[in-house]
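To start, the structure under review is shown below, and the notes come after it.
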Amino acid sequence: MIGFLHTAPVHVDTFERLLGELGPGVASVHVVDESLLADSGQPGVDDRLLARLHEVADAGAKLIVCTCSTLSGRAEQLGDAVGVPVLRVDRPMADAAVAAGPRIGVVFAVESTLAPTRELLDRPGVEIVEAPCLAAWSLFQADDLDGYARSVAACARALDVDVIVLAQASMAPAEALLADLGKPVLTSPRAAVREALLRYTLV
């Protein structure tokens, strides 16, 4: 069983659909805690994150994907404490971005996403170009997912880079709106599920 820890309910359908497509027959468990993202900068959040990871593991997960780009790096580091491997959702995407070109544009709609994403992409020879799209987040919070995707795509179009990273899993629908750019536009959900399935077979 593969487990998923989310900070938005919308991700349950996204990752369940991808798992069904890429790993039919693999069981899953999903836990959602929106407060983790809201409180990501507050004292004690790591203890709550650890408790949620234990909850996923206790449900039978042999590997956990944390789908929140703000928290997934911290979740990954807690894998030993949980006793189950934890994959940060954006690691496979970041590896692909570094391989695609040295000048990487990072589109983000939540400020707390930037630092962990930069840290993940910070490799020798890489130049990171930030594309804050902070006004878009209110559209996501209002469940205007189409408007959110359009706003994210508009921010991405302004970038002069080799490859574009849509830093949050919620941004995946914007990828289709950027198909005409003629450059790689990378999102995390599909790559993360593919990597999780690969690791799951080795657990």
If the requirement is being assigned to a helix (DSSP H, G or I), at pLDDT 95 or above and surrounded by 14 or more Cβ atoms within 10 Å (Cβ to Cβ), which of these qualifies: Ala96, Ala61, Ala51?
Ala96
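For the subset of segment 121-176 comprising residues that are β-branched (Val, Ile, Thr) and not in a helix (DSSP H, G or I), which member is surrounded by the most Cβ atoms within 10 Å (Cβ to Cβ)?
Checking each candidate, the answer is Val165.
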Looking at this structure, is Ala131 modelled with pLDDT of 95 or more and in the same structural domain as Ala158 (by TED's automatic domain parsing)?
yes
Which condition number does Ala179 fail, the rest of (1) free of Cβ contacts under 8 Å to residues at least 24 places away in the same chain; (2) surrounded by 15 or more Cβ atoms within 10 Å (Cβ to Cβ) being met?
(2)
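Answer yes or no as to whether Leu114 is closer than 22 Å to Pro132 by Cβ and either in contact with an Asp or Glu (Cβ under 7 Å, 6 or more places away or on another chain) or assigned by TED's automatic domain parsing to the domain that holds Leu159 (or both).
Yes; evaluated as a whole, the condition is true for this residue.
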Check Leu181, Leu121 and return the single one that is over 19 Å from the mean Cα position of the chain (by Cα) and not charged (D, E, K, R).
Leu181
With criteria (1) touching a Pro at 6+ places or on another chain (Cβ under 8 Å); (2) within 16 Å of Ala8 (Cα to Cα); (3) not charged (D, E, K, R), Cys68 comes up short on (1)
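The values are calculated or read from the model by the stated rules, or taken from the named source; none is laboratory data. Values in this document were obtained by computation on a predicted structure and should not be read as measured data. For neighbour counting, all protein chains shown are included, and Cβ atoms are generated from backbone atoms with ideal geometry for every residue, glycine included.
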